[in-house]
Amino acid sequence: GDSVTQMEGPVTLSEEAFLTINCTYTATGYPSLFWYVQYPGEGLQLLLKATKADDKGSNKGFEATYRKETTSFHLEKGSVQVSDSAVYFCALSEYFGNEKLTFGTGTRLTIIP
Amino acid sequence: EAQVTQNPRYLITVTGKKLTVTCSQNMNHEYMSWYRQDPGLGLRQIYYSMNVEVTDKGDVPEGYKVSRKEKRNFPLILESPSPNQTSLYFCASSLRGDSNQPQHFGDGTRLSIL
């Protein structure tokens with residue numbers, strides 16, 4: 001079955017540091033890939049997505065590129081801010097009559113001023 | 001404002017006492033789903049619904065029931081809650097038939113079963 005393996009956390013960085021959170025996946029076909037973010041006490045919000053190989057998703061300074069050859073979708077940001085502190089989830093979706101999202105375990109990110 | 005609303009946000013209850021967590025969305029979405037979030041496991045799907053009166057099991061359905069009598073509502077029912085159902089629960093909705101569509105999540109319901 002489908003699965004997502006995500007970089008173990010927690011991750012602590014200083015403000016303005018470069019961020020990478022690794023994500024690799026296993027899927028039967030050609031999934032869509034997502035990064036969701038969860039701020040404290042809130043539900044998950046879509047951060048970015050990519051629907052086919054070599055697509056780059058981007059939003060709020062975050063980027064991730066759909067790499068079919070390495071089955072990866074790593075999240076990057078060039079200069080993190082304190083407001084980026086949250087839990088980040090990598091996820092995939094394949095449509096088999098169910099728009100189910102398969103999630104990684106989540107990575108807690110803390111940015112120190 | 002487009003939103004998914006869950007109630008209650010927090011609940012502490014005892015083993016065996018039936019409870020219902022409500023979920024309502026105002027986006028006219030056909031697809032709705034329930035997930036539970038547990039440390040080290042991410043989110044796992046409990047049940048989903050493709051439209052009114054159409055529901056099916058997800059990956060971890062044991063001990064849960066759902067119904068979809070109206071398009072906007074998708075309640076999660078725990079007939080006889082047990083401590084292993086202590087978790088953070090999320091309801092989600094989206095347009096159906098397209099795995100490219102992002103899902104919209106509620107703010108979560110934290111259940112503690114004593």
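Quick notes on this structure:
- Atom-type composition of the exposed protein surface of the protein assembly as shown places 48 percent of the accessible area on carbon and sulfur (1.4 angstrom probe).
- Along each principal axis, taking the top coordinate minus the bottom one, the Cα set of the protein assembly as shown gives 49, 37, 35 Å in descending order.
- Over region B:1-96, Cα pairs under 8 Å with separation of 6+ residues give a relative contact order of 36 percent.
- Taking label points 7 Å from Cα along the Cα-to-Cβ direction, A:E76 and A:N22 give a separation of 1.5 nm.
- Dipole axis of chain B (+1 Lys, Arg; -1 Asp, Glu on Cβ), positive-most option in B:S80, B:Q101, B:H29: B:S80
- When both region B:60-114 and region A:62-102 are represented by their alpha-carbon centers, they are found 22 Å apart.
- Of the GluC sites (Glu not before Pro) found in region A:33-108, those in coil by DSSP whose Cβ has at most 14 other Cβ atoms within 10 Å are A:E42, A:E69.
- Calculated from backbone phi, Karplus (6.51, -1.76, 1.60) coupling profile of region A:98-113 in Hz, x at Gly/Pro: 7, 7, 5, 9, 9, 9, x, 7, x, 10, 7, 10, 10, 10, 9, x
- The relative contact order of chain A comes to 36 percent, based on Cα pairs under 8 Å that sit 6 or more residues apart.
- For the protein assembly as shown, the solvent-accessible area of protein heavy atoms averages 47 Å² per residue (probe radius 1.4 Å; ligands and nucleic acids excluded).
- Neighbourhood net charge (15 Å Cβ-Cβ; Lys/Arg +1, Asp/Glu -1) for B:T5: -1
- Per-residue mean of foreign Cβ neighbours for A:41-47 is 6 (Cβ atoms of other chains, 10 Å radius).
- The phi torsions of region B:17-28, fed into the Karplus equation with coefficients 6.51, -1.76 and 1.60 and a -60° offset, translate into couplings of 8, 3, 9, 10, 9, 8, 9, 9, 10, 10, 10, 6 Hz, rounded to whole numbers, with Gly and Pro shown as x.
- Computed 3J(HN,Hα) for region A:10-23, one whole-Hz value per residue from the Karplus formula 6.51 cos²θ - 1.76 cosθ + 1.60 where θ = phi - 60°, is x, 10, 10, 10, 7, 3, 6, 6, 8, 10, 9, 10, 7, 8, glycine and proline marked x.
- Dipole size of the protein assembly as shown about its Cα centre, with +1 on Lys/Arg Cβ and -1 on Asp/Glu Cβ: approximately 620 debye, rounded to the nearest 20.
The values are calculated or read from the model by the stated rules, or taken from the named source; none is laboratory data. Worth saying up front: this structure is predicted, and the values here are computed from it rather than measured. All Cβ positions, glycine included, derive from the backbone under ideal geometry; neighbour counts span all protein chains shown. With ligands, DNA and RNA removed, areas are computed over all heavy atoms of the protein, side chains included. Shrake-Rupley method; radii C 1.70, N 1.55, O 1.52, S 1.80 Å.
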